[in-house]
C-alpha cells in the first residue's frame, strides 16, 4: 500500500486543524444517494456537520470556509435554489460563527491566512471571502467557474469574493504528477501538501492530501462524497464487518453530483487512499469524526498514534437505521 503514497526527500510536513463551521440541519437524503442508499440510511433527511481545515506549513492556508449565516447575502440564484430545494423537503443550515469570526476567536488572525483553497464553488464551502484581506490568495481547481453574479446569473460567487484578489487555478494539465490515479499538484513544492483533482461533484472540485508526519497523511475530501458510506467499503478495504463488503454502502445518487459517473470513478480512486493504514480521510460532512476529532486549536496530526482510524472506519454503520432493519 505504501507505494501509492508520495515520498519526499525533504521530510517536510504540515499541521492540520479542523474548524467546525455549523451543520446541514436538514436536506433530503435523496439528493445524495441512490434509492438503495436512502433505504439503507433509513431516513429521508440528511444531516451533517460542516468542516473546514486550517493547514499550517510554509504558510497558513484554509481549505474551505464553510457557509454564511444569512442566505439573503448570497446572489439571487442561491436564494432561488434554496426555495426550489425546499419544495422537495426541508433545507436548513445552522451556523453560529462564520470562518472570518471563528478563526480570530481561536487565535488565528485573518492577516496570517495567506491563501484560501476552495474545494469547489458551492455555498457551504466558499464562505465570505470579502471578509479576508485582499492579500489573501484564492486557490481553486483548474476547471472552476469563477464568473460572479450578475455576469453569470447562476453563480453563487459575488464580486466581493474575487475582486482585487490574486487567484490561482491549480495547473493540473501542465504537470505529470499523479497520486492513486488522480492528477496532483505539490502545493508547497516540498512534498508536504498535495492538491488532488477530484471531479464529479462539480467542475473543478479538488481534495488535499496533507503529510502530517513523515509517514502519515490526512485526506481532506471536501465533497467528493457526502458520507463515509459512499466511500466504504471497496475491494481495497479489509475487515469490513458487514455485507456487502466490497461496494459502497451508500452509492452516490445524481442529485448533488454534476457528473455522477465521474464522481463514482473519483471515489473509487480515493478509496485506495482511504484504505491505506497511513491515511485518515476527513470529509467535509462526516458525522463520525466528532468522537475523535477535536477542533482548532487542537490538531489532527497524531491521529495514527491515537488510533482514530480504527475507531471511525466502520462507525457509520451505527447510524444506518435501514441497515439495522435489514435493508441491504
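Considering only region 145-161, state which residues are closer than 25 Å to residue 257 by Cβ and surrounded by fewer than 21 Cβ atoms within 10 Å (Cβ to Cβ).
Matches in region 145-161: 145, 146, 147, 148, 149, 152, 153, 154, 155, 156, 158.
Of 261, 223, 287, which residue is in contact with a strand residue (DSSP E or B) (Cβ under 9 Å, 6 or more places away or on another chain) and either farther than 28 Å from residue 25 by Cα or modelled with pLDDT of 95 or more (or both)?
When all the criteria are applied, what remains is 223.
Could you please find all residues in region 290-328 being farther than 23 Å from residue 22 by Cα, modelled with pLDDT of 95 or more and in contact with a helix residue (DSSP H, G or I) (Cβ under 6 Å, 6 or more places away or on another chain)?
None; the set is empty.
Looking at this structure, is residue 11 on the phi > 0 side of the Ramachandran plot, loosely packed, with under 15 Cβ neighbours inside 10 Å and not in a helix (DSSP H, G or I)?
Yes: the conditions hold for residue 11.
Name every residue in region 202-229 that is out of contact with any helix residue (DSSP H, G or I) (no Cβ under 6 Å at 6 or more places or on another chain), within 24 Å of residue 261 (Cβ to Cβ) and buried (at least 23 other Cβ atoms within 10 Å of the Cβ), in order of residue number.
205, 206, 207, 208, 209, 220, 221, 222, 223, 226, 227
Looking at region 51-77, I want the residues that are at negative phi and buried (at least 22 other Cβ atoms within 10 Å of the Cβ) and have a partner that is modelled with pLDDT under 90 and assigned to a strand (DSSP E or B) with Cβ atoms under 6 Å, at least 6 apart or on another chain. Which pairs are those?
67/93
Can you pull out the residues in region 80-115 that are surrounded by fewer than 17 Cβ atoms within 10 Å (Cβ to Cβ), in contact with a helix residue (DSSP H, G or I) (Cβ under 7 Å, 6 or more places away or on another chain) and within 14 Å of residue 27 (Cβ to Cβ)?
Scanning region 80-115 gives a single hit, 82.
The values are calculated or read from the model by the stated rules, or taken from the named source; none is laboratory data. A quick note: this is a predicted structure, and the numbers were derived from the prediction, not measured. FYI the Cβ positions are ideal-geometry reconstructions off the backbone, even for glycines, and counts take in every protein chain you see.
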